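One structure is given here, and the rest of the page talks about it.
Just so it is clear, none of the values below were taken in a lab; they were calculated from the coordinates. Every value quoted in this text rests on a predicted model; they were computed, and no experiment measured them. Backbone-built Cβ (ideal geometry, glycine too); neighbour counts: all protein chains shown.
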Amino acid sequence: MTETLALGAAEESKAPAKKRRSLGNWLLIAVPYAWLLFFFLVPFFIVFKISLSEVAVAIPPYLPTFDLSEGWAGLRENLSSFSFENYLFLFEDDLYWKSYLSSVWIAATSTLLTLLVGFPLAYGMARAPKAWQPTLLMLVILPFWTSFLIRVYAWIGILKNEGLLNQLLLWLGVIDQPLTILNTNAAVYVGIVYSYLPFLVLPLYATLEKLDESLLEAASDLGCPPWRAFWSITVPLSLPGVIAGCFLVFIPAVGEFVIPDLLGGSETLMIGKTLWAEFFNNRDWPVSSAVAVILLLILVVPIVLFQNQQQRAQEKDA
Amino acid sequence: MRKGPSWFNVTSLVLGFSFLYLPIVLLVIYSFNESKLVTVWGGFSTKWYGEMLRNQQLLDAAWVTIRVAFASATIATVLGTLAALVLARSGRFSGRTLFSGMIYAPLVMPEVILGLSLLLLFVAIDQARGFWTIIIAHTTFAMCYVAIVVQSRLAGFDRSVEEAALDLGCPPVKTFFAITLPIILPGVIAGWMLAFTLSLDDLVIASFTTGPGATTLPMRIYSQVRLGVTPEINAVCTLLVAFVTVGVIATSIVTKRQEVQRQRDMRRAEAQA
């Protein structure tokens, strides 16, 4: 199997890089490309455009609307009425920048907690007998398939004041007063760690599983204690998996809405929640667009880093 | 090196998996609770399932959700498979970086941004929102997941069979259906399943892109959860979990069996050659 793969790779490198592209090949590229351009990329420009508009009591609730039928004069007039007022507003009102800061903080903390929970799990899976591994892998993936909303909802019944966790702790005599966990940031941490754990464990397991055990054996033969072998061999070699996993947790967690909304309380400031409230409760589309644009700017760096890392990993596999 | 699992590894596996599964198990157990109070056990009962089946709003929402998930998963699988072929096969072309960027970005993009941006697009092109706009929105992000799954399948396959067919004069489209598709089929099926469950699950993007008359099950569950935890919601959730779990396990068994069969065929073919 590996031989045929190696042969295939060798053949591929011999083949001329620039083949003449047939019409079919162009069509193959064009269909998904066009879909993504129109439904993924173009919408971002519209968000940006509307973030420069003003809120209005109209349908749609912003001014000016983009209207090509007015021709160039109309377009110029539209452009001149665009303003960065919404962005200024975001900086002046401390609700917004506090939400951004607290989102990044909550996401970073939960990413770290997820790593603390996920690393031993991934490590245990990678070191488990080979015959168990497919089953263990399946067991990690399965919760990922079951609904996100349901998994967050399940924690409400556990973390409530009269919930199962408090009942257990009271019964064990650890506490005499029920702890308030639900509707605090602690519940948000639990929710994020729980929901995003598979995202971290899967890439981490993939790198740990490939780790060459003979390196560890060599270290132990040369008298290196296991904890040191772990720090100087396992940890550095698992770094690509750690990084990929952390990005997969951190980036979506920054903009998370469901978890802070259901598990968090009024003290929980997260930008996803703020954007939702701005859009659905205040119906201020321009301000929520501006909130989205800034959120995107904050996330651009981690997203680009994540993509580069994915691309490198992909090229290495190929 | 010690052979066999150490106590540390066993403990971390046990703790890790209990953390992953305990909440779901508790949710399922309490869906059979007689008492209306979710956290007080009042004896075994299936009455909440009956209650759920009489809740017409819930059933309507479930029907909308299933149709949306079916349509968007199917379109996303076609588009995602095409995208995977482009990523794996088309080599370098101008705009490739943008293309792979657009495939990877939706995987991590916060849902509130995806939802808002698609909604604003639909408003800008004056598209009435409802059933179809949810399908388009779900297709857009699900196709990226499909592309990744199928691409990993394409990366680990022997191209010589495909090249042989092309060399023997088989037209590319026919080669795709006769050779490539059967080989990557497990990936395509897994992609479809993933797209289906992603759509089944989505609350945020659906809330932004929906219109009057198209309320999905997660939206209905969410609005009830905000009012408080009820055993009825536990019952709905249990059914959904059971549905997805059975689906995933069945698919994985079927694809594994096909895979074993395929490899056996390959070995036989190689032995004959």
From Cα pairs below 8 angstrom and at least 6 apart in sequence, can you work out the relative contact order of region B:59-272, rounded to a whole percent? 34 percent
Exposure proxy ranking, count of Cβ atoms within 10 Å, fewest first, for A:D176, B:D60, A:D284: A:D176, B:D60, A:D284
Where does the protein assembly as shown land at 222 nm, in deg cm²/dmol rounded to the nearest 500, when only DSSP H runs of n ≥ 4 count, each adding -39500 (n - 2.57), divided by all residues? -24500 deg cm²/dmol
Quantify how strongly other chains surround peptide B:121-128 by giving the mean number of their Cβ atoms within 10 Å of each of its Cβ atoms. 4
Dipole of the protein assembly as shown [Lys/Arg +1, Asp/Glu -1 at C-beta], most positive-end residue of A:S266, A:F48, A:W155: A:W155
Find which of B:A84, B:A206, B:V68 sits farthest along the positive direction of the dipole of chain B, computed with +1 on the beta-carbon of Lys and Arg, -1 on that of Asp and Glu, about the Cα centre. B:A84
Measure nothing fancy, just the Cα-based angle from helix B:131-155's long axis to the longest principal axis of chain B, in degrees from 0 to 90, nearest 10. 50 degrees
How big is the Cα convex hull of region B:169-231 in projection, averaged over all directions, in nm²? 7.2 nm²
Enter the angle in degrees (range 0 to 90, nearest 10) between the Cα long axis of helix B:96-108 and the first principal axis of the Cα atoms of chain B, meaning the one along which they spread out most. 20 degrees
Would you grab the residues whose amide H sits under 5 Å from the one on A:E54? Only those 5+ places off in sequence or on another chain, please, with H modelled 1.01 Å from N. A:L63
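What ranking do B:123-130, A:200-207 get when scored by the average of other Cβ atoms within 10 Å per residue, highest first?
In decreasing order of mean packing, B:123-130, A:200-207 become A:200-207, B:123-130.
Counting other beta carbons within 10 Å of each residue's own, what order do B:S35, B:S199 fall into, fewest first?
Ranked by crowding around the Cβ, least crowded first: B:S35, B:S199.
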Partner chain Cβ atoms within 10 Å, averaged over the residues of A:284-291 - can you pull that number for me? 2
Exercise: per-residue mean of other protein chain Cβ atoms within 10 Å, A:134-147: 6
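Give me the dipole magnitude in Debye, nearest 20, for region B:59-272 about the Cα centre, with unit charges on the beta carbon: positive for Lys and Arg, negative for Asp and Glu.
The calculated dipole for region B:59-272 is roughly 340 debye.
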Could you calculate the FRET efficiency of B:K256 with B:R89 from 1/(1 + (r/R0)^6), where r is the beta carbon distance between them and R0 is 22 Å, rounded to 0.05? 0.25
With the 8 Å Cα cutoff and a minimum separation of six or more residues, region A:93-317 has a relative contact order in percent of 28 percent
Cut-off 17 Å, label 7 Å out along Cα→Cβ of B:S35, residues of region A:174-217 by amide N: A:178
When the Kirkwood hydrodynamic radius is evaluated over all pairs of different C-alpha atoms of the protein assembly as shown, what value in angstrom, to one decimal, is obtained? 26.1 Å
Order the peptides A:253-262, B:253-262 from the highest to the lowest mean number of other Cβ atoms within 10 Å of their residues. A:253-262, B:253-262
Determine, from the Cβ-Cβ distance of A:F48 and B:R96 and an R0 of 25 Å, the FRET efficiency 1/(1 + (r/R0)^6), rounded to the nearest 0.05. 0.55
Total charge dipole magnitude, the protein assembly as shown, about the Cα centre, Cβ charges on Lys, Arg, Asp, Glu only, Debye to nearest 20: 1540 debye
Would you mind getting me the FRET efficiency between A:V31 and B:R264? Use the beta-carbon distance for r and R0 = 45 Å, nearest 0.05. 0.80
Lys/Arg +1, Asp/Glu -1 at C-beta; the protein assembly as shown dipole; positive extreme among A:L216, B:Q272, A:S110: B:Q272
Please give the contour-minus-distance gain from B:F19 to B:E51: 0.36 nm per residue of separation, less the Cα-Cα distance, rounded to one decimal in nm. 8.5 nm
Descending packing, highest mean Cβ count within 10 Å first, for B:237-250, A:291-304 is A:291-304, B:237-250
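Go through region B:69-128 and name the trypsin sites (Lys or Arg not before Pro) that are in a DSSP coil and have 16 or fewer other Cβ atoms within 10 Å of their Cβ. Display every interim value, and only then the final one.
Details: sites: B:R89, B:R92, B:R96; in loops: B:R92.
Sites meeting the loop and neighbour criteria: B:R92.
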